[in-house]
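Have a look at the structure below, then the notes.
Any read-out appearing in this document is the output of simple, stated calculations on the displayed coordinates, not a laboratory observation. These numbers were taken from a predicted model, which means no experiment stands behind them. Note: ideal-geometry Cβ built from the backbone for every residue, glycine included; neighbour counts use all protein chains shown.
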Amino acid sequence: MTRKFFLLFTLLAACAMAQDRVYELRTYHCNEGKLETLKARFRDHTIEIFKRHGIESIGYWVPQDPETSKNTLVYLIVHPSRAAATRNWAAFSSDPEWKKVAADSEKDGKIVNKVDSLFLDPTDFSQLK
């Protein structure tokens, strides 16, 4: 009986935590000719560093529109809560490995000229909760 109670409690706690999750949609507008450099930085380094700081990657995209596809990366991440997002970004930004990766990737100039960030809550009919 105790084991069943523990399993039920764990399941309910997980559901409650999942309901507080917050999604963050980020759009990076790159300087001309820098999109491939940005994609390589995410592919080779950033996603792993995100994981260490509680930032869960959902997906990464480039637009289909020919003009915006040249300089735009859009991605969706999730944090346990809005407060956790603030902590996650602070920890990520001060991570020594991230600082080195960013500096190395920008040795030939800045990659990104603008970042748009939008925090999102799922609707009751969303498949992502």
When only residues in segment 33-59 that are in contact (Cβ under 8 Å) with a residue 24 or more places away in the chain and in a loop (DSSP other than H, G, I, E, B) count, which is nearest to ILE111 (Cα to Cα)? LYS34
Enumeration of residues in segment 57-74 that are surrounded by 15 or more Cβ atoms within 10 Å (Cβ to Cβ), under 24 Å from ALA91 (Cα atoms) and not small (Gly, Ala, Ser): TYR60, LEU73, VAL74
Does segment 117-126 include one or more residues that are under 18 Å from the mean Cα position of the chain (by Cα), part of a loop (DSSP other than H, G, I, E, B), in contact (Cβ under 8 Å) with a residue 60 or more places away in the chain and surrounded by 12 or more Cβ atoms within 10 Å (Cβ to Cβ)? yes
Say whether the condition of being surrounded by 13 or more Cβ atoms within 10 Å (Cβ to Cβ), part of a strand (DSSP E or B) and hydrophobic (A, V, I, L, M, F, W, C) is met by at least one residue in segment 87-99. no
